[in-house]
Every structure is written in structure tokens, then in C-alpha cells.
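To start, the structure under review is shown below, and the notes come after it.
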Amino acid sequence: MEMLGLYPTWLEPMVGSGWVVAIISTIHVLASHTSVGAAMVFAYLAVVAYRQDKPELLDYIKKYGMFLLVFSYVIGSITGPGIWFSTTVASPRGISALIHSFVWKWATEWVFFVIEVVGVYLVVYLVGKVDQKTHMRIAVIFGLASYTTMLIIIGILSFMMWPGKEVWFTEGGYLNGFYGANTFAQLAMRTAFMFTMTAVVGGIVASGIKELAFKKAMLRRLAVLGIVSTLAGSLLFQWYLHTLPEQAHIVLENRLPDYFQPALMMVLSGILAYFLFTLVMPRLIVPAIAGVMTVAILVFGLWPEEVARESIRKPFVAGQYVYSNQVIARDVPGLGIKSEIPLLEEKGFLQSHVFLPENLRTVTPDNARAVGHALAMTACSNCHSLTDTGIRPLAKYFGGNTDVGDIKDYLLGALATGNTLYMPKIPLTDSEAEALAVYIGALKDDTVAENYAATRKPLAQAGEK
Ligand code: HEC
């Protein structure tokens, strides 16, 4: 029998697997963007220190570098593999899609990452131990290597949203997938905001400098960097929005709450206000304030940004052909990949999912709820949590309706036909839709499943399917 290579589902009961990935990624973005930005700033400062003979700048590089070693490199190196682990179990086929297209890109990125890590140690520990010109060169290499890691990752991130060119689907070729309308806009925008983060985190170190004149000068430099990069980032964000495909705009308009745009403006204004304050009153900034600001950026800036980016590629998780629930939804001749939708339409999940317990392959009045649970895990849990908490709790999406017939109608009418804006097409056979409806009804009201079993049993005995 032809089966689908679906993996077991990782169900995280409290918040849903998607949020676990999002939490880890958001922290990672803060750490990685800060360190890439800082590497570029170090290169610049080292050049200025050398050309204008300002050795105190090297002192700042050393302090910020030490701080980064703990902050960015430790946190970054924990969350980096964390992203791999969590996405591999949350979305095995999404990751597989990326690896099949970009394994050598990642290998290349890793090479630059090694240069970056060695570089940061050299930059920190060789201050005053080698001549300034050599130190400057090391700092520049460190800065360029860091930025290269970002350059490579952006191509992969853009592909996740939307493969570069349409011919990629038919002909493959990783450059076709790598460079899209989105790649450069995203790179430019992230580069700008990366300096914003570098300026905020750099403030934690600069505000702790003992010597007042130097503290002020350093904080002012960072404030100028922060103001310019935040303004540039806001403009580049508009460019980025223009490069998004139509489907993404539909999702943006319909999915993101109304307060999203104003909230975004508030966050950006808040950041600008902070930098202006730093510029005018650098003396008053203490590490705690800069620390709070860092956390604020993480929570109010990066978290919504990551969640929005995740949302606008719905219903796909990667490359516009792997659905979030792992089903492959379109032919990609370039990779020799075939859509799995036809097989699902013919046989349904119960007959084609490899990892399904045998006793759940046929629906009976008694196991309907358990089958429904298995289907919800397979087909919905990647985007809807199955409890009351976390991401889009499934129980809350049927408006309190617990009628098995109504829910089944919706499942067959909208989901199975692919007639929703942002959900995958989820083909379900008649009995699968019924089982899932029993499970969903019972999420709100336990008696739904009992009543169903009680009323269906006599019918089943009388020979009705
Ligand atoms: C690719 C992710 C994804 C998958 C998989 C998914 N959904 Fe959804 N679902 C969404 C999104 C996004 C919304 C819109 C939610 C919002 O506006 O907050 C939604 C909304 C809904 C709604 C509300 C009606 C509507 O059209 O807005 C229902 C009902 C629903 N989902 C049921 C399901 C069921 C049942 C499954 C599994 C068979 C499922 N979903 C699988 C993403 C998904």
C-alpha cells in the first residue's frame, strides 16, 4: 500500500510546538543580530582607533567583546542548535526541504561562523598584545566574516518564505531558490535593525564605563548609530513589505490584529525616544536602563516580528510547497517531488499515515474521539494548540459549537476543499471528518463523545457505516 512519509507529531501541550520554536528563535535573533552588528562596529572602531590614534576605543571593544562572549556567543550557541532540534521535531519535512536545497550553503555558513568565533576571541584577547594595525585587520576580518554568515542565512530565510524564482519549482538549481525579490530587501532591513540592537546592547557596556567623558562620548556614538539605523530600518521595512507576494498581503491584512501597525509605530518611536534621550543625557544612562531596553526590544520588537513573519508564509512552512502540517502540497519537478494531496484525497490520513496505531485506522463509535485526537495532532496541532493555551487553541475556533454534524460540515466544506484563506487544504474522508468533529466537540464538552458513542452504536450494529 502506498503510504505517506509523515513523521510522528511532536505535541507540546502547553503552548504548541510552533511557539517553542518561536521563543527559541526570537532569543537567537537577538543574540545573533547583536553579535553580527557588533562585529561590524568593532571593525569600524578599530579602524578609527588606529587612524585617529584613540586607544580608548580599543578598550571599549575589549569590554563589549567580553560581554558578547557571554551574552551572544553563549546564548547564540545554545539557541542555534535549539532551533535545529526544535524545528526538526516540530517540522521535520520543512527542515528536510531546506537541507535538501541548501546543505552546502549551511556548510559555507559554518566555515564563516568558525572564523567569526575565532575572530571574536582574537579581537578581545589581542588588544594591546599585537600592533594596532594587525589588530585592526583582525577586527575587519571578524566583521566581514560575521556579516557573511548573515548574508547566507538570509537567502535561506527568504526561500522559506518564497523560493527565489518561479523556475526553481520546475528546474531546481539553488541560486534560483536562494535569490528572490525578498532576499535583498530582507537583508537590508535586518542589517539596519541589527545595528539598532547592537546600539542598545552596546549601551549596557558603555553605560558602565567609569570615566565620564568617555562614557558620554561612547553612548553618544551608539545613540547616533541607533537613530540612523532605526530610521533606515523603518524605511527598509516598507520596501520589504512591497516585495512580499500577494498571498502574504492577504494574510497580513486579514490575520494581523488592527493594532499591529500602530503598535509597531509605537515600538519604533519608543526606541527612537530612548536613543534621543541617550544623545542628550548620556550621563543618566545606567546599565540597568540599557538592560531593560534590551528586553523591551526582545519582547515588543522581535517577538511580534518573528510571529508575523511566521504567519505570512502560511499555510506553508517552507518553500511554498511543504504545508505547516508537513503534507507536501504541490509538485516540484525540479526536486523530483510530488504533491501528496491526491493520495490523501483518495485514501485519507488514516490509511496513509505510517505512524498511526493500527487500532485507529478504522473509525468506530468507540474510538471516534481517539481517532479524532490523532487526526488533530497530525493535521492541525502544528498551528492550533489542542489545549486552552498557546497558539490559536483549536477549542476556541468553533464559536462554542459542539454539534458534531455542524463541525463535520465545516471540516468537509472548508478545510477538505482548501476553501480558507490561510489554512492548508486538508483532505478528510467522511468518517475522518466525523471522528475529528467528535474530538473537537468533546474539547469543549466531554459528553459529546459519550453521546456520540451511545447513539452511534445501535446504528453501527444495524449495519450503517
Ligand atoms: C498552516 C496552519 C494551520 C493548520 C495546519 C490548521 N489551521 Fe486552522 N487556522 C489557521 C489560521 C492561521 C487561522 C486563522 C486564525 C486567526 O485569525 O487567528 C485558522 C482558523 C481556523 C478556524 C476558524 C475559521 C476561519 O476560517 O478562520 C477553524 C475552525 C480552524 N482553523 C480549524 C482547523 C482544523 C480543524 C485544522 C486541522 C484539521 C486546522 N484548522 C489546521 C491555521 C491553520
Can you give me the long-range amide H partners of Ile337? Hydrogens built in the peptide plane at 1.01 Å from N, cutoff under 5 Å, separation of 5 or more residues or another chain. Val332
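Kindly rank 432-438, 285-291 from highest to lowest mean number of other beta carbons found within 10 Å of each residue. Before the final figure, lay out each step's value.
Working: 432-438: 27.1, 285-291: 16.0.
Per-residue mean Cβ counts within 10 Å order the peptides as 432-438, 285-291.
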Burial ordering of Leu236, Leu11, fewest other beta-carbon atoms within 10 Å first: Leu11, Leu236
When a/c is below 1.5 the answer is rounded, else prolate if a/b is larger than b/c, else oblate, so apply that to region 319-406 with a ≥ b ≥ c taken from the square roots of the Cα gyration tensor eigenvalues. oblate
Take Thr230, Thr364 and order them by how many other Cβ atoms sit within 10 Å, fewest up front. Thr364, Thr230
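Would you work out the charge dipole size for the chain about its Cα centre, treating the Cβ of every Lys and Arg as +1 and the Cβ of every Asp and Glu as -1, and quote it to the nearest 20 debye?
Values: 34 positive and 34 negative charges, 420 e Å.
Using Cβ point charges on Lys, Arg, Asp and Glu, the chain gives about 2020 debye.
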Read phi for every residue in region 301-315 and hand back ³J(HN,Hα) as whole Hz from Karplus 6.51 cos²θ - 1.76 cosθ + 1.60, θ = phi - 60°, with x for Gly and Pro. x, 6, 4, x, 5, 5, 5, 5, 4, 5, 5, 6, 9, 4, x
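By how many nm would the segment from Ala273 to Trp104 lengthen if fully extended, with 0.36 nm per residue of separation less the alpha-carbon distance? Before the final figure, lay out the partial values.
On the way: separation 169, 0.36 × 169 = 60.84 nm, distance 4.28 nm.
In short, 56.6 nm is gained.
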Degrees between helix 447-461 axis and first principal axis of the chain (Cα, 0 to 90, nearest 10): 40 degrees
Return the ratio Rg/(2.2 N^0.38 Å) for the chain, where Rg is computed over Cα atoms only. 1.15
Ranked from highest to lowest mean number of other Cβ atoms within 10 Å per residue, what is the order of the peptides 299-308, 161-170? 161-170, 299-308
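Which whole-number percent is the relative contact order of the chain (Cα, under 8 Å, 6+ apart)?
Details: 661 pairs, mean separation 87.9, N = 465.
Computed value for the chain: 19 percent relative contact order.
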Please arrange Ser146, Ser311 by counting, for each residue, the other beta carbons lying within 10 Å of its beta carbon, fewest first. Ser311, Ser146
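Taken together, the values in this text are just the output of simple stated rules run on the coordinates, not laboratory data. The shown structure was predicted, so the numbers you read here are calculated from the model rather than taken from an experiment. Every residue, glycine among them, receives a Cβ derived from its backbone with ideal geometry; neighbour counts consider all protein chains shown.
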